[in-house]
1. Within a Cβ distance under 14 Å of B:THR336, other residues only, what is the Lys/Arg minus Asp/Glu net charge?
2. If we count every other residue with Cβ under 13 angstrom of B:ARG108's Cβ, Lys/Arg +1 and Asp/Glu -1, where does the sum land?
3. For a quick check of your reading of the filter: which GluC sites (Glu not before Pro) in the range B:286-383 sit in a DSSP loop and have no more than 16 other Cβ atoms within 10 Å?
4. Only loop residues by DSSP count here, and only those with at most 15 other Cβ atoms within 10 Å; note down the GluC sites (Glu not before Pro) in the range A:28-99 that meet that.
5. For every helix of n ≥ 4 consecutive DSSP H residues, a contribution of -39,500 (n - 2.57) applies; sum these over chain B, divide by its total residues, and give [θ] at 222 nm rounded to the nearest 500 deg cm²/dmol.
6. For peptide A:42-53, compute the average count of partner chain beta-carbon atoms within 10 Å of each residue's beta-carbon.
7. Could you work out the per residue convex hull volume over the alpha carbons of chain B, in cubic angstrom?
8. What does the net charge come to around B:LEU435 if you take all other residues with beta carbon closer than 13 Å to its beta carbon, with K and R at +1 and D and E at -1?
Amino acid sequence: MPVAFTRADVEAVARLANIELTEEEVRVFTRQLADILEYARQLQEIDTTGVAPTASVLGSTGADRADEVVPSLDRREALANAPDGHLDTGLFRVPRVIG
Amino acid sequence: MSFLGTVREIREAFRRGDRRASDICEEALTAIEAQEPSLHAFNTVARDRALERARALDRERSRWADHPLAAVPVALKDNLSVRGMRTTASSRILEQYVPPFTATAVERLEAAGAIIVGKTNCDEFAMGSSTENSAFGPTRNPWALDRIPGGSSGGSAAAVAARMVPLALGSDTGGSIRQPAALCGIVGLKPSYGRVSRYGLLAYASSLDQIGPFARTVEEAAIALGVIAGADLKDSTSSREPVPDYAAALIERPAMCIGVPWKLLDEGIEPEVASAFRGALEVLRGSGVTIVDIELPHAAVAIPTYYLVATAEASANLARYDGVRFGYRSPFGGSTDLAGMYAQTRAQGFGAEVKRRIVLGTYVLSAGYYDAYYLKAQQVRTLIRRDYERAFARVDVVATPTSPTAAFKLGERSSDPLQMYLADVFTVSANLAGLPAVSVPCGFTTDRLPIGLHLTGRPFDETMVLAVAHHYEGQTTWARQAPPAAA
């Protein structure tokens, strides 16, 4: 059974999700998410012993295409929306990763 | 105020040569221009592109004359990609994003003769039930400008209700087509999971998302579904189930049996909504439809099930918005490393509700909580599906109100997310079970706020859902009433 949802949980999860939260957001989210998780507690009372989980309702009729190479997105177009895209090298530039 | 007419009237007038596509398009653009300042239904109006397209239709009228949506102006929720047309999902993080490809559903609309007039406002990344979570400001309800239009596809619903366009597309993950349709007094259809290709739809919760139409009448929604439905090699979750002629099937009148989960309707419904719902059942009963009591024991926990599944999937889907390949990137400021850039980009680019759902979704998927929350929700999802399987052994459709309340006032619920989530109590089950469901107008409150009747059917039995809705619509005059904004 999950324990109460805390401020430290919000901060840890925000780090995992790569979102910087303000002090105010941490405070408000802690309360709101605790409320939501408390509400979700009613699921724990349902007996699901031996019940298979549903990840997707999809049957076997999905439209898979043949595994063949086909033309894909043009490099110029792929770079067109990038905040720091470089057509000459064909690269997306990001801040330094390794110091 | 101009009156564009129905899909059928528009295409017939174009086919006969009575009206040019350019004039029809101008009428839609004029109606948008006139009402947009009070409603804010659109994020982008693609005036030049629409008129160019209309002129192309006029130049080749004989070629287009017999197409099902010939010369019909259509609005698209702003999470559907159109090559060369700004697509924002009402988020700062995509404010300048211009997709290099077009959604399959949109390609099919254009291949059927439709004129795309623009992109409609919505809750950011389709997360919300009021369209207040848009980074570009809320949309207002054409029936009462101090009220929300519903959400998340609120702009599409408002645009159709206000007679700006006869047809619009939205997306529905937990009720985002049906609830705004109900609150704006029009028809909204969520097809079965897999019925319509999602290629080019900005993903929110991939096991639940589905694209569907808004229209003023069931017939128009059926015509639109026939155009956009069907397998697509660009979406492996699209189904190869054959696509029937939905509009033609409306004239058949099968023996109908409707199930009502009365126990679920015991509490939490506004009296005027409950009364309109009972009135709709009386109309159906009076016209020879059988109505029986059914039980959906697990529908009562559909809301928590939905919010655990949907936020988990959202936290994964929205990881792509990181300021590298497209969209907003935070100016570096004090931080110069990659992790800092990600965290600030997402902090500045996402609104509060999106952050809240990403944090919740990340939490329920994280080590130690996965089994208690996410796995448990997926197991309950199985039980919800089984409830419907049992019900559909006895009945053709399940009826409830679409929303427990009529449109609420702007700001009324925005500080309490849990309260907002409860707006979806009757709609989320159809997404969890992958079933087709429609909302059709069934009355008004004493304040003239629209109320919707919600009908859910068997998987891929859109024909039955639409037939019952069409049959009901034919016994009433709700569909012919226009909001004051468009009168």
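Just so you know, all these numbers are worked out from the coordinates, no wet-lab data involved. Remember, predicted model here, so these are calculated numbers, not experimental data. Cβ coordinates were reconstructed from backbone atoms using ideal geometry, including for glycine residues, and neighbour counts include every protein chain displayed.
1. Taking every Cβ under 14 Å from that of B:THR336, the sum is +1.
2. Around B:ARG108, the surrounding residues sum to -1.
3. The qualifying sites are B:GLU295.
4. Passing both the DSSP loop test and the Cβ count: A:GLU68.
5. Value at 222 nm, helices only, nearest 500: -11500 deg cm²/dmol.
6. 5
7. So the per-residue Cα hull volume is 138 Å³.
8. That sum, taken over residues with Cβ under 13 Å, equals +1.
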